[in-house]
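Encoded as structure tokens, the structure appears first; notes follow it.
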Amino acid sequence: MELTKHDVREVLDVYIRAWEGQDPDLIVTIFTEDATYHERVLEAPIPNREAIRAYWESKVVAAQANIKCELLNLYLDGTTAIAEWEAEFDDVVQRVRKRMREIAVLDFEGRKIAALREYWSSEQVGDLVEGSPR
């Protein structure tokens, strides 16, 4: 069965729901067992689904809060999708609010992501108030 833009959109909806909900159990449901995840494409990729879960636990659950994300554009060519989104979140480590714009290249096997490569930039948009909820 051919991968459709609708299929990809459903996967990205889960991705965004997992990110906003800081849910590492949900995020791994959309990756193949041996998926790779390049947060920084010039560094080694995160090598598999369990490592992706650990990355999300340390990066998303422990270091971010109050996450909002919006998918801006989605393109599909065969089994490769390109998604652009914008997000805002509290960086609880740096104690600042950030806005991030990202393009992700996603290679699919069936309805799951086999490889994800992120290209992003972020900027500080505010300071966190001491004592504010995570």
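The values are calculated or read from the model by the stated rules, or taken from the named source; none is laboratory data. For clarity, every value in this text was computed on a predicted model and none was experimentally measured. Cβ coordinates were reconstructed from backbone atoms using ideal geometry, including for glycine residues, and neighbour counts include every protein chain displayed. When the accessible area is computed, the model is the full protein with side chains, heavy atoms only, and any ligands, DNA or RNA have been set aside. Shrake-Rupley method; radii C 1.70, N 1.55, O 1.52, S 1.80 Å.
Over region 1-113, what percent of the accessible surface lies on carbon and sulfur atoms, probe 1.4 Å? Mind showing how you got there, number by number?
Working: 2920 of 5780 Å².
Carbon and sulfur together cover 50 percent of it.
Calculated FRET efficiency, ILE103 and LEU128, Cβ-Cβ r, R0 25 Å, to nearest 0.05?
Once rounded, the FRET efficiency stands at 0.40.
Relative contact order for the chain: what is it in percent, counting Cα pairs under 8 Å that are at least 6 residues apart?
Once divided by the residue count of the chain, the mean separation gives 23 percent.
Loop only per DSSP, at most 10 neighbouring Cβ atoms within 10 Å: give me the GluC sites (Glu not before Pro) in region 26-134, ordered by residue number. Walk me through the numbers on the way to the answer.
On the way: sites: GLU33, GLU39, GLU43, GLU50, GLU57, GLU70, GLU84, GLU86, GLU88, GLU102, GLU109, GLU118, GLU123, GLU130; in loops: GLU39, GLU43, GLU130.
Counting only loop positions with at most 10 other Cβ atoms within 10 Å, the GluC sites (Glu not before Pro) in region 26-134 are GLU43, GLU130.
Run the dipole for region 15-134 about the Cα centre, Lys and Arg Cβ at +1, Asp and Glu Cβ at -1, nothing else charged, and hand back the magnitude in debye, nearest 20.
Values: 15 positive and 23 negative charges, 27 e Å.
Magnitude of the dipole: close to 120 debye.
Taking 7 Å along the Cα-to-C-beta vector as the label spot, tell me the THR29-VAL93 distance in nanometres, rounded to one decimal.
Spacing of the two 7 Å Cα→Cβ label points: 2.8 nm.
Expected output is a single nm value to one decimal: the length gained when fully extending between ALA54 and THR80, i.e. 0.36 nm times separation in residues minus the C-alpha distance. What is it? Before the final figure, lay out the partial values.
Details: separation 26, 0.36 × 26 = 9.36 nm, distance 2.50 nm.
Gain on extension, ALA54 to THR80, equals 6.9 nm.
Which of the pairs LYS5/LYS98; LYS68/LYS98; LYS59/LYS98 have their Cα atoms more than 19 Å apart in this structure? Let's see the in-between values first.
Values: LYS5/LYS98 29 Å; LYS68/LYS98 11 Å; LYS59/LYS98 14 Å.
Those over the limit are LYS5/LYS98.
Before rounding to the nearest 500, sum -39500 (n - 2.57) across all DSSP H runs of length at least 4 in the chain and divide by the residue total; then give [θ] at 222 nm in deg cm²/dmol.
Numbers: 3 runs with 28 residues, N = 134.
That calculation yields -6000 deg cm²/dmol at 222 nm.
Taking the chain as the reference, fit the longest principal axis to its C-alpha atoms, fit the long axis of helix 5-20 to the helix C-alpha atoms, and give the angle between the two in degrees, 0 to 90, nearest 10.
The angle comes out near 30 degrees.
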